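Here's the structure we're looking at; comments come further down.
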Amino acid sequence: MPKIVFVDSDGTRHEVEAKSGVSIMENAIANNIDGIEAECGGSCMCATCHCFLEDDLAQKIPAMESDEDEMLGFAAEERRDSSRLSCQVTMTDELDGIVVNLPAEQN
Amino acid sequence: MAAPVVIVGGGQAAVQLCLALRKEKYAGDVVVCSEESELPYHRPPLSKAYITGKTDDEKLLMRPESFYQSRNIDLRLNCMVSAIDPAAKSVTTAQGENLPYQYLVLTMGARARHLPVKGRDAVGVVELRDIKDARQIKDRLSGCKNVVIIGAGFIGLEVAAALNVQGVGVTVFDTAERVMGRAVAPEISRWFEATHRAAGIDIHLGEGITEITAADDGNVSGVVRSNGERINAEMVLIGIGVEPHTDLASAAGLDCENGIVVDQYCQTSDPSVFAAGDCANHPNVFADGRRVRLESVQNATDQARTIASAIAATENNTPPDKPYAAVPWFWSDQAEHSLQMAGLSFDADTHITRGLPADGSFSVFHFRGNDLLAVDSVNASRDHMLARKLLGARISPTRLQAEDVDFDLKTLL
Ligand SMILES: Cc1cc2nc3c(=O)[nH]c(=O)nc-3n(C[C@H](O)[C@H](O)[C@H](O)COP(=O)(O)OP(=O)(O)OC[C@H]3O[C@@H](n4cnc5c(N)ncnc54)[C@H](O)[C@@H]3O)c2cc1C
Ligand code: FES
């Protein structure tokens, strides 16, 4: 099983066994990661699943679609170049070990 | 030890309230009484991906079971609350248990409105409010060639579109003259009507049905139109709106009128009792403080946050200071088309279209005088996002700016 390392804004690391084929958001929820809220359940409508993918592995992730791009403008914490909505990023075996940084605020 | 926060209902608002209370560092006990036998789940996919098997039960869950334990939330399933005693500050469950509360939060949602028509009780006449309904639809679908849907609101059209994509013959009836008539601009209604028709859905507006017919075995066989014509169907979905759950609240003497009446802190007429979500009738700043009742994920979650912050303030002996003031938003996915709405359009007097409906991507800007009240967007997520920002900042484009696709609305922010 691949792993994801979620890192809270205060630096706390949570290494979890991840499931491929579902989103990074769903992996966060399944593992009770507080930094992801996901109020719309992955419909790309709420931006409360914002994360930063600074890891080099992120280059293997397909580019975002325009909906996600627009919605990121709504993130509570300011968007960076590495910003993604975790509900729009599918976990794969290739991303094993990816570090997902979480913002301090989602709302 | 202080009595717990008791939450009645285990849906969207309830789960968000659990999250928000713990985020506000509320350390007291929290008990959630849900009459359902399932862990709380997301309702929106029920009328979209779920019924056609494009998503599964696990994906619907709002949080895994371990969440409730790890956050010290006492989630009780199959636990219907049958009475509230505000004087004693306690609730009674259907099992006869008496639960004291320090704060009570009512998040009971709404029930599907009943259609008083002959034949209503035939097997295969369904509604869609919860996962049990959705499973019934999904199970029945395998033997279905034709489905009749009564009501061209969001749920009716979402289901119609999803089934049509699956190759099921779909006929929709609504007594109103246009689809989603209570919620969107006429231009949007017309666009969806035409688009669904072009995709093969049979839509009859300004027309109800006079009877639902059943075969000898009790299974539904179709409906009778007002002109007497019979239409065959192996399933009939009734989606004519909802009624808020207010019985518990009104029996307890709380003010109710089209929902449980709350103030800007979601507090009911009893200061220890709050209400949120589909069952709460609240003053909304985006309707000039007028009372409304909204049925949306946004409203349920933002009201839950409002209540968590009011409870946290009360615990700190300070008055609540974060009134409910979030920009209303809503979405509806119908086949591959996305409808997104921001603001409240009830009081609009002018509707300006941005973009060309014929291109399949456009928005309608609702104004009252010079003030922007709401924007409905079809396959135009950029307009929707900008609308949410403009409304939140109380900035109105001029009508000319709204209409001019070459004018970048972002420059106003
Ligand atoms: C099929 C469907 C599709 C939808 N699609 C969208 C969409 O695309 N976008 C959007 O924004 N919104 C959508 N909505 C609306 C959204 O799901 C609701 O607005 C939201 O769920 C309201 O949250 P709530 O907590 O107020 O009520 P609910 O989520 O309905 O939860 C209420 C809960 O309380 C329980 N309950 C009631 N009475 C009692 C009692 N006495 N004791 C114990 N438990 C009780 C109910 O069984 C239920 O579990 C949809 C709704 C449905 C049904
Ligand atoms: S969960 Fe709402 S945008 Fe990702």
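The values are calculated or read from the model by the stated rules, or taken from the named source; none is laboratory data. Keep in mind it's a predicted model, so treat the numbers as computed, not measured. Here the Cβ positions follow ideal geometry from the backbone for every residue, glycine too, while neighbour counts run over all protein chains shown. These area figures cover heavy atoms from the full protein model, side chains too; ligands, DNA and RNA do not enter into them. Shrake-Rupley method; radii C 1.70, N 1.55, O 1.52, S 1.80 Å.
Some points to look at:
- For segment B:307-351, the set of residues classified as farther than 30 Å from B:His196 by Cα, of a type in the set (Val, Ile, Thr) and open to solvent by 10 Å² or more (accessible area, probe 1.4 Å) consists of B:Thr314, B:Thr318, listed by residue number.
- Restricting attention to segment B:377-413, the residues being within 13 Å of A:Glu70 (Cα to Cα) and part of a loop (DSSP other than H, G, I, E, B) number 2.
- Among the residues of segment B:375-386, not one is more than 14 Å from every other protein chain (Cβ to nearest Cβ) and at positive phi.
- Listing of helices (runs of 4 or more DSSP H) fully contained in segment B:119-237 that carry 3 or more residues being among the small types (Gly, Ala, Ser): B:154-165, B:186-198
- Count - residues of segment A:19-32 that are buried (at least 22 other Cβ atoms within 10 Å of the Cβ) and either touching a Cys at 6+ places or on another chain (Cβ under 9 Å) or of a type in the set (Val, Ile, Thr) (or both): 5
- Tally of residues being within 8 Å of ligand 1 (Cβ to nearest atom), open to solvent by 10 Å² or more (accessible area, probe 1.4 Å) and within 11 Å of another protein chain (Cβ to nearest Cβ) across segment B:291-306: 2
- If you go through segment A:21-47 and keep only what is charged (D, E, K, R), under 20 Å from B:Arg22 (Cβ atoms) and within 13 Å of ligand 2 (Cβ to nearest atom), you end up with A:Glu37, A:Glu39.
Conditions (1) at the interface with chain B (Cβ under 10 Å from one of its Cβ atoms); (2) open to solvent by 30 Å² or more (accessible area, probe 1.4 Å); (3) within 13 Å of the chain's Cα centre (by Cα); (4) within 24 Å of B:Cys18 (Cβ to Cβ), marked per residue:
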position	(1), (2), (3), (4)
A:Cys49	no, no, yes, yes
A:Phe52	no, no, yes, no
A:Glu70	yes, yes, no, no
A:Pro103	no, no, yes, yes
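- Hits in segment B:24-39 - residues which are without any contact (Cβ under 8 Å) to a residue 60 or more places away in the chain and either among the hydroxyl-bearing types (Ser, Thr, Tyr) or not in a loop (DSSP other than H, G, I, E, B) (or both): B:Val30, B:Val32, B:Ser34, B:Ser37
- Across segment B:50-61, the number of residues qualifying as assigned to a loop (DSSP other than H, G, I, E, B) and either within 10 Å of another protein chain (Cβ to nearest Cβ) or buried (at least 17 other Cβ atoms within 10 Å of the Cβ) (or both) comes to 3.
- Hey, B:Ala313 small (Gly, Ala, Ser) and within 16 Å of ligand 1 (Cβ to nearest atom) or not: no
- Of the residues A:Ser66, A:Ser82, A:Ser23, the single one that is away from ligand 1 (no atom under 16 Å from the Cβ), in contact with a Leu (Cβ under 6 Å, 6 or more places away or on another chain) and either within 11 Å of chain B (Cβ to nearest Cβ) or of a type outside the set (D, E, K, R) (or both) is A:Ser82.
- Of all residues making up segment B:198-222, the number that are within 13 Å of B:Val236 (Cβ to Cβ), open to solvent by less than 30 Å² (accessible area, probe 1.4 Å) and of a type outside the set (A, V, I, L, M, F, W, C): 3
- Conditions (1) among the aliphatic types (A, V, I, L, M); (2) within 16 Å of ligand 1 (Cβ to nearest atom); (3) more than 30 Å from B:Leu413 (Cα to Cα): number failed by A:Ala47: (3)
- Any hit, segment B:221-236, residues being of a type outside the set (Lys, Arg) and touching a helix residue (DSSP H, G or I) at 6+ places or on another chain (Cβ under 8 Å): yes
- Residues located in segment B:1-20, provided they are open to solvent by 20 Å² or more (accessible area, probe 1.4 Å) and within 12 Å of chain A (Cβ to nearest Cβ): B:Gln12, B:Leu19
- Within segment B:62-102, the set of residues being among the polar types (S, T, N, Q), over 13 Å from B:Pro4 (Cβ atoms) and within 14 Å of chain A (Cβ to nearest Cβ) comprises B:Ser66, B:Gln69, B:Ser70.
- Taking the criterion of being within 17 Å of B:Ala312 (Cβ to Cβ), within 14 Å of chain A (Cβ to nearest Cβ) and open to solvent by 10 Å² or more (accessible area, probe 1.4 Å), the residues of segment B:21-39 that qualify are B:Arg22, B:Lys23, B:Glu24, B:Lys25.
- Any hit, segment A:77-87, residues being charged (D, E, K, R) and in a strand (DSSP E or B): yes
- For segment B:85-103, filtered to residues that are within 11 Å of ligand 1 (Cβ to nearest atom) and assigned to a strand (DSSP E or B), the residue that is most open to solvent (accessible area, probe 1.4 Å) is B:Thr92.
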